[in-house]
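Working notes for the structure below.
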Amino acid sequence: MYGVCGCCGALRPRYKRLVDNIFPVDSEDGLVKANMEKLTFYALSAPEKLDRIGAYLSERLSRDVARHRYGYVCIAMEALDQLLMACHCQSINLFVESFLKMVAKLLESEKPDLQILGTNSFVKFANIEEDTPSYHRSYDFFVSRFSEMCHSSHDDPEIRTRIRMAGIKGLQGVVRKTVNDELQANIWEPQHMDKIVPSLLYNLQHTEETESRSPSPLQTTEKEKESPTELAERCLRELLGRAAYGNIKNAIKPVLIHLDNHSLWEPKIFAVLCFKIIMYSIQPQHSHLVIQQLLGHLDANSKSAAIVRAGIVEVVSEAAVIAASGSVGPTVLEVFNTLLKQLQLSIDYELTGSYDSRVNIGTKIIKEQEERMFQEAVIKTIGSFANTLPTYNRTEVMLFIMSKVPLPSLQHTLDTGRLGDIRNRLIQMMLLKSLLQVTIGFQCNNMLTALPTSFLDPLLSASLMEDAEIRLFVLEILLSIIDRHGNRHKFSTISIIDDISVLKLKVDKCSREDTLFMKKHSQQLYRHIYLSCNEPTNIHPHYEALYGMLAMISIELANEEVVVDLIRLVLAVQDLALNNEDNLSVYNRCALYALCAAYLNLISQLTTVPAFCQHIHEVIEVRQKKATYLLPEEVFIEKPGVSKDVDNLEMEVLFLQSKISEVLGGSGYNSDRLSTPYVPQLTDEDRLSKRKSIGDTISLQVEVESRNSPEREERAPAEEITYETLKNAIVDSVAVEEQERERRRQVVEKFQKAPFEEIAAHCGARATMLQSKLNQIFEITIRPPPSPSGTITAAYGQTQHHSIPVYEMKFPDLCVY
């Protein structure tokens, strides 16, 4: 028997004998290194035997696992690791198949030590760069098993931590092995990402809670530093850093689903942490894809609880700020479009108290509070994202938001009824709040670019609406845009400043672009300031904003002509309070007087004309003695000291236009323009606001028609054009312009107040005049042309014409074709 056994043993293949020799008699002695070197040399010399060596080692390992001989299992795995590290021949693929079978056998074991042993071997294998690709290798089992280990719930906390860390390392190994090799299994497919990403997030979330209870970071030991949280974060960053353009969606979707399933949007802390990791890990040019995913998820959750939507919006805010520092791509307006749409939906939810058409009375109050919190979160997000954008992007965003504000114009269809009016007002309020957040900190050197006509016209139209809060928002928006040097806060309160040098104003010379802007839009701005002053619902903040607007225009956009117009405007506001045609309250009138005093005191010191300053100070001193209720220190306080006797004011407490024109005219200012009272230009713009009378609507038509009216048939005789004529025309152009505006105002007023019979007679006269003109044209057209040879005089002194044939007539070249 012994001889037979010895004979059979000698006949065994050499690779089996070499494998058997690496195992000692006692497993505690460990791997026989000398025999291991012989096995390695044999594998390198005969690489075709490598697959058989692997198969035999796998057979022995399976037998040892079944017999619970774990010492020999460890020796077998150590031998496999050394062979893998040493051999890189083309036959390695067949050996790897046997290796992966052995690793899978260990991972299937219930023993934590064997699971960790198999994981460590797999990680070593994952770090090996193979010379030849494998077309048929699959890692589905390893992804599933490692993900399961990441969710280990072992009773022993220490063992549970070791198993979870082994699972995370295993997933990291799978990613490293497959992510860069297109011929390997596609790890970015949803069935893999749906297991890998939630497993990493689970460890981030779970151990974060335990770490938050740790007493102090100083007490952490070296062992605690290597925690599942840090390992999971590192693995997640590595995974996202390797993601290509087409794989971002599959990597982000499981994150959103995990946050939904575990209700992690509500505290927002973990969700923000996750997306900060994502945004800082992916390639910058892919950032806009993450924003798109978040916005799509926000739309998908449009009927979720407000606190959930607020959490998503907060994450969008954090992610968008990070993305803006790199590349936001085409999603700039998409971000704002989605946020504004959610804002409008939230307003509807707030009004109805339900996410559908049915009104749920029981939860309406709670939902109103939650929806308002959500609305504030959206507005904050709009502002924080806009602050990271360059100037041209912010200008586009401002135009975009302004186009969404529902105004009573042809471009917007407003809801009707009581609920519709409330909805319109809330949407207007929220959008203007959002626009104000966008304009905070906005700086643009060219005001024509910052305030184009397409933006300025609807914005100023909103300033004439009945709602006082909306008007205040419009003024604040204009102030944010015009203030480019941070001077706004220095005029936050209305007061008489004795010396403006203490304010340390930052003033630059008016640029050419600013001059062009004021030439184009100044009258429009003045008109709206004037009409805003005439609003009976104005309160203290409105007058502060109006004062700030006048001050900012004087500092940022003023040249000599603008200064003259502003002084005329303020004097017209004083006349507005003095005449009181619209029956303003006593407080409103006193506030206007105080506003005029504060501004004229400011502009007199900015112009540095001594006589002008002296006149302003004299009037202010008289008011301090006789009429303190006309000064801002007595009006703009908590309990204003106003007087009912504002109808019989003495001239010495008023600022006189004639006196100001005289003193400024002596310093080179246009005295003729200064002496002309300011009259606001009536336009068709009031159609967009609350003033919708027939006269205002047809004012532009009246302006055109009045040029051909019977009252203007008599024309001045032709005047010889000389140098003096041109000079006088330039000098008198301002007065002529004012006269033209006054004439237009009278015509419009006539159409507003005249009886219908008078207007009909006027139109009939115009029709008669038009018919007579047409008759003259027809008579000239039908009359025969003159003779080429000239004319002859009849006996009665009348000129007669010889008719000639048509074919002999000479027509101009332009009439012949």
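The values are calculated or read from the model by the stated rules, or taken from the named source; none is laboratory data. Quick caveat, the model's predicted, so the values are computed rather than measured. Using ideal geometry, Cβ is built from the backbone for each residue, glycine included, and neighbour counts are taken over all protein chains shown. All accessible areas refer to the heavy atoms of the entire protein, side chains included, with ligands and DNA or RNA removed. Shrake-Rupley method; radii C 1.70, N 1.55, O 1.52, S 1.80 Å.
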Open item on the list: Looking at (1) touching a residue at least 24 places away in the same chain (Cβ under 8 Å); (2) touching an Asp or Glu at 6+ places or on another chain (Cβ under 9 Å), which one does K519 not meet, given that it meets all the others?
Closed with: (1)
Task: Test: T338 is modelled with pLDDT of 85 or more, outside the structural domain of F455 (by the TED database) and either surrounded by fewer than 15 Cβ atoms within 10 Å (Cβ to Cβ) or in contact with a Ser or Thr (Cβ under 6 Å, 6 or more places away or on another chain) (or both) - done: no
Task: Top-ranked residue of segment 256-267 - restricted to ones that are open to solvent by less than 50 Å² (accessible area, probe 1.4 Å) and under 25 Å from the mean Cα position of the chain (by Cα), ranked as farthest from K195 (Cα to Cα) - done: W265
- [ ] Mind listing just one residue for me: the one in segment 639-665 that is part of a loop (DSSP other than H, G, I, E, B) and at pLDDT 85 or above and, of those, most open to solvent (accessible area, probe 1.4 Å)?
- [x] E650
TODO: Pull up segment 486-513, narrow it to residues that are open to solvent by 50 Å² or more (accessible area, probe 1.4 Å) and closer than 11 Å to E556 by Cα, then point me to the one that is farthest from the chain's Cα centre (by Cα).
DONE: K509
Open item on the list: Given the condition on the phi < 0 side of the Ramachandran plot and either outside the structural domain of L566 (by the TED database) or not in a helix (DSSP H, G or I) (or both), answer yes or no: does some residue in segment 613-627 qualify?
Closed with: yes
Open item on the list: Against the condition assigned by the TED database to the domain that holds L294 and either in contact (Cβ under 8 Å) with a residue 40 or more places away in the chain or among the aliphatic types (A, V, I, L, M) (or both), how does I422 come out, does it pass?
Closed with: no
Task: Residues of segment 425-475 satisfying the condition of being aromatic (F, W, Y) and over 16 Å from P390 (Cα atoms) - done: F455, F473
Task: Check on A551, more than 29 Å from N648 (Cβ to Cβ) and part of a helix (DSSP H, G or I) - done: yes
TODO: Please enumerate the residues belonging to segment 42-85 that are open to solvent by less than 40 Å² (accessible area, probe 1.4 Å) and small (G, A, S).
DONE: A43, A46, G54, S58, G71, A76, A79
- [ ] Taking E581 as meeting all but one of (1) assigned to a helix (DSSP H, G or I); (2) farther than 22 Å from K504 by Cα, write down the number of the exception.
- [x] (1)
Task: Matching residues, segment 267-314, being assigned to a helix (DSSP H, G or I) and of a type in the set (V, I, T) - done: I269, V272, I277, I278, V290, I291, I307, V308, I312, V313
Open item on the list: Consider segment 532-555. How many of its residues are touching a residue at least 60 places away in the same chain (Cβ under 8 Å) and open to solvent by less than 30 Å² (accessible area, probe 1.4 Å)?
Closed with: 14
Task: For R164: the one exception among (1) modelled with pLDDT under 90; (2) open to solvent by less than 50 Å² (accessible area, probe 1.4 Å); (3) of a type in the set (K, R) - done: (1)
Task: Residues satisfying the stated conditions in segment 453-485, i.e. more than 22 Å from the chain's Cα centre (by Cα) and part of a loop (DSSP other than H, G, I, E, B) - done: S463, L464, M465, E466, D467, H485
Task: segment 709-747: number of residues that are surrounded by 10 or more Cβ atoms within 10 Å (Cβ to Cβ) and either at pLDDT 75 or above or part of a loop (DSSP other than H, G, I, E, B) (or both) - done: 10
Open item on the list: What's the total number of residues in segment 444-476 that are open to solvent by less than 10 Å² (accessible area, probe 1.4 Å) and farther than 25 Å from D421 by Cα?
Closed with: 3
- [ ] Taking the residues in segment 111-156 that are at pLDDT 85 or above and among the basic types (K, R) as candidates, determine which candidate is least open to solvent (accessible area, probe 1.4 Å).
- [x] R145
Open item on the list: Could you go through segment 425-438 and let me know if any residue there is within 23 Å of L343 (Cβ to Cβ), outside any loop (DSSP other than H, G, I, E, B), among the hydroxyl-bearing types (S, T, Y) and open to solvent by 10 Å² or more (accessible area, probe 1.4 Å).
Closed with: no
Open item on the list: Please count how many residues of segment 371-390 are assigned to a helix (DSSP H, G or I), of a type outside the set (A, V, I, L, M, F, W, C) and open to solvent by less than 60 Å² (accessible area, probe 1.4 Å).
Closed with: 5
Task: Unmet criterion (only one of (1) in contact with a Ser or Thr (Cβ under 9 Å, 6 or more places away or on another chain); (2) at pLDDT below 65) for P330 - done: (1)
Open item on the list: For a quick check of your reading: which helices (runs of 4 or more DSSP H) sit entirely within segment 9-109 and have at least 3 residues that are closer than 14 Å to S121 by Cβ and touching a helix residue (DSSP H, G or I) at 6+ places or on another chain (Cβ under 9 Å)?
Closed with: 50-66, 70-86, 92-107
